1. Consider all pairwise Cα distances in the chain and report the whole-number % of them above 22 Å.
2. Which whole-number percentage describes the relative contact order of the range 49-133, with Cα contacts under 8 Å and a sequence gap of 6 or more?
3. Using a 1.4 Å probe over the heavy atoms of the protein chains, calculate the carbon and sulfur portion of the accessible area of the range 62-129 as a whole percent.
4. Taking the mean number of other Cβ atoms within 10 Å as a proxy for protection, how do you rank 53-62, 110-119 from highest to lowest?
5. Based on DSSP H runs of at least 4 residues, each adding -39500 (n - 2.57), what is the mean residue ellipticity at 222 nm of the chain after dividing by all its residues, to the nearest 500 deg cm²/dmol?
6. Can you tell me the FRET efficiency between Ala55 and Ala122 if r is taken as the Cβ-Cβ distance and R0 is 25 Å, rounded to the nearest 0.05?
7. Which order, highest average first, do 39-51, 11-23 follow once you tally other Cβ atoms within 10 Å for each residue and take the mean per peptide?
8. Rolling a 1.4 angstrom probe over the protein heavy atoms, how many square angstrom per residue are accessible across the chain?
Amino acid sequence: MFGFEDSDPVVVIGKALGVSVIISILMMLTSLGFIYLFSGMSLPLSLAIILVVFAISFIAAAVLLDKASNDLLAAFMGGAAVALGITVFVIALVSGASFIVDKMSLPGLDTLLTGFAICLIASLIINRLTLKI
């Protein structure tokens, strides 16, 4: 990678910081999306789009789980659980973006920076425990 080795501390820190920032932004958008949804606002997505997201994630998860084990019922149940989680995550992300665009009255800068710092720390822990990047 342009003269840098993967064991170079700058590359390792850069990769960890990049992944942590991306995960933190997703976490902040998701939390703002839940604030938007729990404030009584309507869904920013139509029901048809939500069903398409659920169907695509259900098919992908059920096929992957069926390949991992031969239990078809467990694959369908696991696929439905994974699809539900993905659908809620996508709805929360879109709601978070809609909250930022519609409301334009975000919490104070101190609150956002504190939340972002907490998300950075949590994402680094998640990153090191699961992704090993």
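The values are calculated or read from the model by the stated rules, or taken from the named source; none is laboratory data. As the structure is a prediction and not an experimental result, all values here were calculated from the model. Cβ atoms come from the backbone with ideal geometry, glycine included; neighbour counts cover every protein chain shown. In case anyone asks, the SASA skips ligands and DNA or RNA and just uses the protein heavy atoms, side chains included. Shrake-Rupley method; radii C 1.70, N 1.55, O 1.52, S 1.80 Å.
1. Details: 4847 of 8778 pairs.
In whole percent, the long-distance tail amounts to 55.
2. Working: 39 pairs, mean separation 20.5, N = 85.
Normalised by residue count, the contact order of the range 49-133 is 24 percent.
3. Values: 3330 of 4360 Å².
Taking all protein chains in place, the range 62-129 shows 76 percent carbon and sulfur surface.
4. Working: 53-62: 16.7, 110-119: 12.8.
Going from most to least packed, we get 53-62, 110-119.
5. Values: 4 runs with 102 residues, N = 133.
Here the helix-only value at 222 nm equals -27000 deg cm²/dmol.
6. Working: r = 31 Å, r/R0 = 1.24.
The formula returns an efficiency of 0.20 here.
7. Numbers: 39-51: 11.9, 11-23: 14.2.
Put in order of decreasing packing, that is 11-23, 39-51.
8. Numbers: 8840 Å² over 133 residues.
I get 66 Å² per residue for the chain.
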